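The values are calculated or read from the model by the stated rules, or taken from the named source; none is laboratory data. Just so you know, these numbers come straight off a predicted model, no measurement behind them. Please note: Cβ atoms are built from the backbone with ideal geometry, for glycine as well, and neighbour counts cover all protein chains shown.
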Amino acid sequence: MEELIGQWWHRAVTRAADRSHPEAAVALPQVQRAIGMLFRGAGGAAAIRIAPATERRSGGPRGWLQRIAGSGERAALPRLEAEVLALPPSIAVFPDAELNRALYLWLAALSAGMDTLPAEGTDTGWIARNLAAGRLALRRFPGLRERHARLVAAHLAQRPRVERLKGRAAEAEAAVQAALRASLREDADVALPAVEVRPDEVAPLWLWIEHAAAAAPVPGRPDAPAEAGARRPPGVQDGKRRAARRTADERDGNPLLMVFRAEALLSWSEHVKVNRGDDDSDDGNALDAANDMEQLSVAPDGQTLAARVKFDLDLPSASADDLPLGPGLKLPEWDYQAGVLRPAHCAVQTYVARPGESFVPSPALKATARRVRRRLELLRAAPRWQRGEVAGEELDLDAWVRLQSDAGPRSEAPAVHLRRVKAERSLATLLLADLSLSTDAYASNDARVIDVIRDALFVFGEALAAGGDAFEMLGFSSVRRQHVRIQHLKGFDEPWGPLPRARVGLVKPGYYTRMGAAIRLATQRLQARGERQRLLLLLTDGKPNDLDQYEGRYGLEDTRHAVQAARAAGLVPFCVSIDAQGHDYLPLLFGTRGYAQVHRATELVGRLAQVYATLTR
């Protein structure tokens, strides 16, 4: 009974102390698409992803109910980083849901303005940067001026009264309120407050955003798969953006200190094994502990939680490695921070697998290959619609609309019809498969991702070989920029037969995913072809990353630059991804219509055939 009364009291006091308006709350997923369009339309970087912010310590006065309830100390305030725009998971600041939604849109426009502010000639203070970014956002979107004025007026009415504060708190709050009123003026010569204020010195200011300087990436194991053969459930994760810093592992800093372990003492009594916690134990409270921490400290100690990641990235010796084909190739890489394409930055080496056991597909896989092959043969033999005909079987609506909207003279027989014709196809396809170490993880209880990719390559080869279209298959992985490995599976001028099938059966996971270099090599191979239509199919299970700086926004920007270069060369790049989180970054890399996401890896074979049939129709 005492515990029940305590829980009821805690809920009642917390509810009474809550100053938000949950009945008018707007969640981030409801407006995330609009936020992304506004942010990138205003000039924000395309590779910056939008994620929910985690709660951080905030300042400002607290009421007596908040002190009793222990609330009001933390808030999920917006923050712009080099790779992430972290916004509150939900906004219930105002009693009007329309104002809460308008606040999300204002933060998107403000963040885009702050992201595009010139580095030189701009004050780096929190107040000065927000005022400058706000003026820039209002110049770009004059329609937001009225909403911004309503937000400022409503938020000023919620701010603490300066006369009730003392000392530094009063000075900081007065400076913030003066800056908020100054943001309503259109002239740029607004006198800034003489007092410089930090965000944690005042009550949460929801109309402004904190701009974090670009930090070094947190050390870790990118592209880390589950242990080969392990089928443990994944750890608990969430998408909130958390602050982190590098730190040293100082647990071994006192060599003369002996750690006391009572269970290790010898005695005359019977030895009893004690289940004691250690660094590899997961007590299920890691997420709650992270939510309570202001900043996460990451130290390289060579260990991982629950021993879920165990792999060795040492390159094999020359006698055991695959056979290299040629001296290698130097390729450029896009550095978004410097805004330049660094020439000869990556060393790409093409390998062919050493001879091994021949690949024997299962009867079910053979049946799938026959079914896909028949489907593609029918599509190849089917007649195609020829547009712009004077007479035909059906009316071309697009041509008819253009004719009706054209004010110029019309011919007696306008070319506004469609006609079925048998046309000779001119198509070259290059399939680029991700063979990084993450493909060693299990996609289901019975199959690894690499096994599913191998089956898809086999079905793809069987189907295209029967159709007669020219195609090539390559796999890729990498270990830093000096060693980008391209696995040769089948060349354009090589017939599909026992040797390419054996190479497909020998594919194995290894290393990391330097996607930009692989796409640039595939672009060069396709540019050398003379076919009218050239298709670049990328098959992957994760985002680009490598051991060096090629992770996060750097890898995304380089891959995006490589995809744009492929399109400029007349190719049709398309990505088929097995990554469940691919919707966060694939539209930035390939566009909204340039990728397909497979939710279950076992459906990859059918999905790949469907994508190919759609693109070549």
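A few remarks follow.
- Any chance Ser438 is of a type in the set (S, T, N, Q), crowded, with 20+ Cβ neighbours inside 10 Å and touching a residue at least 60 places away in the same chain (Cβ under 8 Å): yes
- Search result, residues across the range 562-613 that are polar (S, T, N, Q) and within 30 Å of His345 (Cα to Cα): Gln564, Ser577, Gln581, Thr592
- Residue selected from the range 376-397 under the condition in a loop (DSSP other than H, G, I, E, B) and at pLDDT 70 or above, by the criterion surrounded by the most Cβ atoms within 10 Å (Cβ to Cβ): Asp396
- Checked against (1) over 24 Å from Ala25 (Cβ atoms); (2) surrounded by 21 or more Cβ atoms within 10 Å (Cβ to Cβ), Leu110 passes all but a single condition, namely (1).
- In the range 368-390, the residues that are under 30 Å from Leu403 (Cα atoms) reach residues that are modelled with pLDDT under 70 and not in a strand (DSSP E or B) with C-beta atoms within less than 7 angstrom, at least six apart or across chains, in these pairs: Pro383/Lys422; Arg384/Ala423.
- Residue that is farthest from the chain's Cα centre (by Cα) [pool: residues in the range 576-598 that are crowded, with 16+ Cβ neighbours inside 10 Å and farther than 17 Å from Val563 by Cα]: Val598
- The one condition in (1) among the aliphatic types (A, V, I, L, M); (2) buried (at least 17 other Cβ atoms within 10 Å of the Cβ); (3) in a loop (DSSP other than H, G, I, E, B) that Leu432 fails to fulfil: (3)
- Ala415 vs. criteria part of a loop (DSSP other than H, G, I, E, B), aliphatic (A, V, I, L, M) and modelled with pLDDT of 75 or more: yes
- Residues (over 22 Å from Leu589 (Cβ atoms) and basic (Lys, Arg)) located in the range 475-532: Lys490, Arg501, Arg503, Lys508, Arg529, Arg532
- Of all residues making up the range 594-611, the number that are under 18 Å from Ile519 (Cβ atoms) and of a type outside the set (Gly, Ala, Ser): 3
- Qualifying residue in the range 543-555 (condition: farther than 21 Å from Gln349 by Cα, surrounded by fewer than 23 Cβ atoms within 10 Å (Cβ to Cβ) and of a type in the set (A, V, I, L, M)): no
- In the range 539-549 there is no residue matching the filter, namely being of a type in the set (Lys, Arg), over 23 Å from the mean Cα position of the chain (by Cα) and either on the phi > 0 side of the Ramachandran plot or outside the structural domain of Ala45 (by TED's automatic domain parsing) (or both).
- You will find that of Arg145, Arg101, the residue that is part of a helix (DSSP H, G or I), within 19 Å of Ala34 (Cα to Cα), charged (D, E, K, R) and under 31 Å from the mean Cα position of the chain (by Cα) is Arg101 and no other.
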